[in-house]
Structure formats: structure tokens, C-alpha cells
Amino acid sequence: GGTGKGNPYLKGALGMAAATAARSRTTFLSARYRRLVTRRGKRKALVAVARSILVIIWHLLADPTARYHDLGADFHDRRINTTRRTNSLVRQLESLGHTVTLQPAT
């Protein structure tokens, strides 16, 4: 689907804000851009980040007590269940015909 009709000045401002956020390295929005650009391409990733910024602004304006705090670039990495990820990777290697023996790193 397309982006729909709306204020062209807001669209331009959000586009510039999204491009600036994407250039950063330590923010949640920059990590979101980097995750999306691999699957969707640069332009769609920028539109998605611009929409995320718009949603953040809406929540800040709708609730006067709300405050913004950045989740950090490693937000999704911190949420990964390491044992589930390890088991999944072991199963993938075994399905490719490898024998896997896990040893703790020193």
C-alpha cells in the first residue's frame, strides 16, 4: 500500500528526521532502519522510520505525562533467548549433516 494523502510539509520534515535518525549509530531508530533496509530497501525503510517517529510524537502529545527514552540500538539483541537461539542453530547445522558439540567459551 501507499502512504496516503497528508500534509506535504509534515512528510518532508519527517523524511529529514528519519534520514538523520538512520545515520546515527546508537539509537533504536537507527537499528530499526538497518534491520528494515536489508529486507525492504532504503526508501521503504526511511518511510517506516518516519512513521515510527510520527507514532512517538503522537504518543508524546496525547499523554502529557509521557516522556521519551530511547530503547538503544541493541534492544532486539537483548531480547533474544540465548538458549532457544543456540538450539535453533544446532538443529540447523545437524540438518545440514554436521555433528555439533557445544563447549563453553573461555
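The values are calculated or read from the model by the stated rules, or taken from the named source; none is laboratory data. These numbers were taken from a predicted model, which means no experiment stands behind them. Counting neighbours? That spans all protein chains shown, and the Cβs are built from the backbone with ideal geometry, glycine included. SASA here: full protein model, heavy atoms, side chains in, ligands and nucleic acids out. Shrake-Rupley method; radii C 1.70, N 1.55, O 1.52, S 1.80 Å.
Overview of results
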| item | result |
| --- | --- |
| R0 of 30 Å, Cβ-Cβ distance Asn87-Ser24: FRET efficiency to nearest 0.05 | 0.30 |
| Between 0 and 90°, nearest 10: helix 28-40 axis offset from the chain longest Cα axis | 70 |
| Positive-pole candidate from His98, Gly1, Ala19, dipole of the chain, charges at beta carbon | Gly1 |
| Heavy-atom accessible area per residue - region 8-73, 1.4 Å, Å² | 74 |
| Size of charge dipole - the chain - debye, nearest 20, with Cβ of Lys, Arg +1 and Asp, Glu -1, no other charges | 420 |
| 16 Å reach of a label modelled at Ile56, 7 Å along Cα-to-Cβ, counting backbone N of region 68-90 | 68-76 |
| Charge tally in the Cβ shell below 10 Å around His76, where Lys, Arg are +1 and Asp, Glu are -1, His76 excluded | +2 |
| Expected 222 nm ellipticity per residue - DSSP helices of 4 or more, -39500 (n - 2.57), all of the chain, to 500 | -20500 deg cm²/dmol |
| Nearest-ten-degree value, helix 82-95 long axis tilted from longest Cα axis of the chain | 60 |
| Interatomic Cα distance distribution for the chain, bins of 10 angstrom, percent | 12, 31, 26, 17, 11, 3 |
| Computed FRET value (nearest 0.05) for Val100 with Arg40, which takes r as the C-beta separation and R₀ as 41 Å | 0.80 |
| Computed lengthening from Asp63 to Asn7, 0.36 nm per intervening residue step minus Cα-Cα distance | 17.9 nm |
| Rel. contact order, % - alpha carbon contacts under 8 angstrom, at least six apart, region 8-73 | 38 |
| Trypsin sites (Lys or Arg not before Pro) within region 29-84, DSSP loop, no more than 14 other Cβ atoms inside 10 Å | Arg67, Arg79 |
